[in-house]
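Below is one structure, written out as structure tokens, with a few remarks after it.
The values are calculated or read from the model by the stated rules, or taken from the named source; none is laboratory data. Keep in mind that what you see is a predicted model, and the values were worked out from it rather than measured. Cβ atoms come from the backbone with ideal geometry, glycine included; neighbour counts cover every protein chain shown.
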Amino acid sequence: PTLTSVKNKQNEFIDVEFSDPVFSQKNNYSRLTISNFSLTLAGGTATLSSPTPSEVIGYGGMSRNEDFGGKIRLKIASRITGIPNGEEKITVLPANAAAIYDMYGNALSITQTGNVAPLSQSKILNLGQLEYNDDVGKMATVVHVSGKIYAVAYEGPGSDGWITTFSASDDGKTINKIQSYEFDDTEGRWPSFMKISPNIFLLAYAGYHKDGYLMTLRISNDGTSIAEITSREHDTSEGDW
């Protein structure tokens with residue numbers, strides 16, 4: 001088998017195509033994993049934090065006698081350190097001479113052509129990511145609490161209003177959820193969030209029947225405590241947007 005095509009997808013993924021269905025073992029069914037690949041990056045300003053991709057998406061082999069075309073996708077975004085200037089070339093190879101096999105047990109050679117792709121020039125690089133609600137998280141607005149602690153107010157499941165605190169490292173690579181608080185269990189649409197003094201925050205939003213509400217809250221410096229102080233319905237007709 002050979003590597004026939006390597007294409008960069010916006011510095012997030014590398015699409016890899018093989019000449020034949022491929023496997024991680026000589027058994028015609030073992031899927032490829034990150035340990036089957038070796039990545040190198042040359043030129044430009046960006047580097048790789050690891051020689052392996054962070055994820056392998058797709059099969060690359062055969063299933064139910066259907067040829068998947070020997071195509072897979074390697075996730076690389078979290079492995080890129082620095083901001084690419086477009087002069088980088090990423091090379092994809094098997095991790096070793098016994099890492100990838102075709103259906104006849106032939107190993108993919110560590111010497112390949114057509115296995116290099118350029119990175120794209122980036123002005124913004126995704127460094128870290130946190131899914132703060134795995135159902136609904138609309139109309140989000142973020143405020144700084146203290147130090148590395150932040151809070152996001154948003155319309156969550158069932159249009160209820162939620163606040164979640166999280167920490168973000170200075171390099172942007174680590175984001176951790178701390179605490180969640182439901183500030184309105186009926187409706188909490190279109191929140192607008194601001195800090196008015198240390199640990200005191202003002203929240204404006206559309207509540208029940210889209211009436212306009214104001215709420216003050218206290219959030220501790222470490223983000224572990226979120227509590228309502230008082231609330232007021234400032235518009236009994238409409239308070240959206």
**Prompt:** Which members of region 190-215 meet the condition of being within 22 Å of Q179 (Cβ to Cβ), in contact with a strand residue (DSSP E or B) (Cβ under 9 Å, 6 or more places away or on another chain) and surrounded by fewer than 16 Cβ atoms within 10 Å (Cβ to Cβ)?
**Reply:** S192, M194, K195, I196, P198, N199, I200
**Prompt:** In region 39-56, how many are surrounded by 17 or more Cβ atoms within 10 Å (Cβ to Cβ) and part of a strand (DSSP E or B)?
**Reply:** 4
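Anything in region 74-96 that is within 14 Å of L3 (Cβ to Cβ) and either touching a helix residue (DSSP H, G or I) at 6+ places or on another chain (Cβ under 7 Å) or assigned to a loop (DSSP other than H, G, I, E, B) (or both)? List them, or say none. Break it down stepwise before answering.
As a first pass, look at region 74-96 and keep what is within 14 Å of L3 (Cβ to Cβ): 74, 90-95.
Result: P94, A95.
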**strands (runs of 3 or more DSSP E) lying entirely in region 135-241 (those with 2 or more residues that are among the β-branched types (V, I, T))** = 138-146, 149-155, 161-168, 175-184, 212-219, 226-235
**Request:** Sort through D184, D211, D160 and tell me the only one that's outside the structural domain of I80 (by TED's automatic domain parsing), acidic (D, E), over 21 Å from the mean Cα position of the chain (by Cα) and at pLDDT below 95.
**Result:** D211
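Might you let me know whether region 26-37 holds any residue that is free of Cβ contacts under 8 Å to residues at least 60 places away in the same chain, within 17 Å of the chain's Cα centre (by Cα) and assigned by TED's automatic domain parsing to the domain that holds L108? Let's see the steps before the verdict.
Just the residues of region 26-37 that are free of Cβ contacts under 8 Å to residues at least 60 places away in the same chain, to begin with: 27, 29-31, 33-34.
From the residues that got through so far, the ones that are within 17 Å of the chain's Cα centre (by Cα) too are none.
No, every residue in region 26-37 fails to be free of Cβ contacts under 8 Å to residues at least 60 places away in the same chain, within 17 Å of the chain's Cα centre (by Cα) and assigned by TED's automatic domain parsing to the domain that holds L108.
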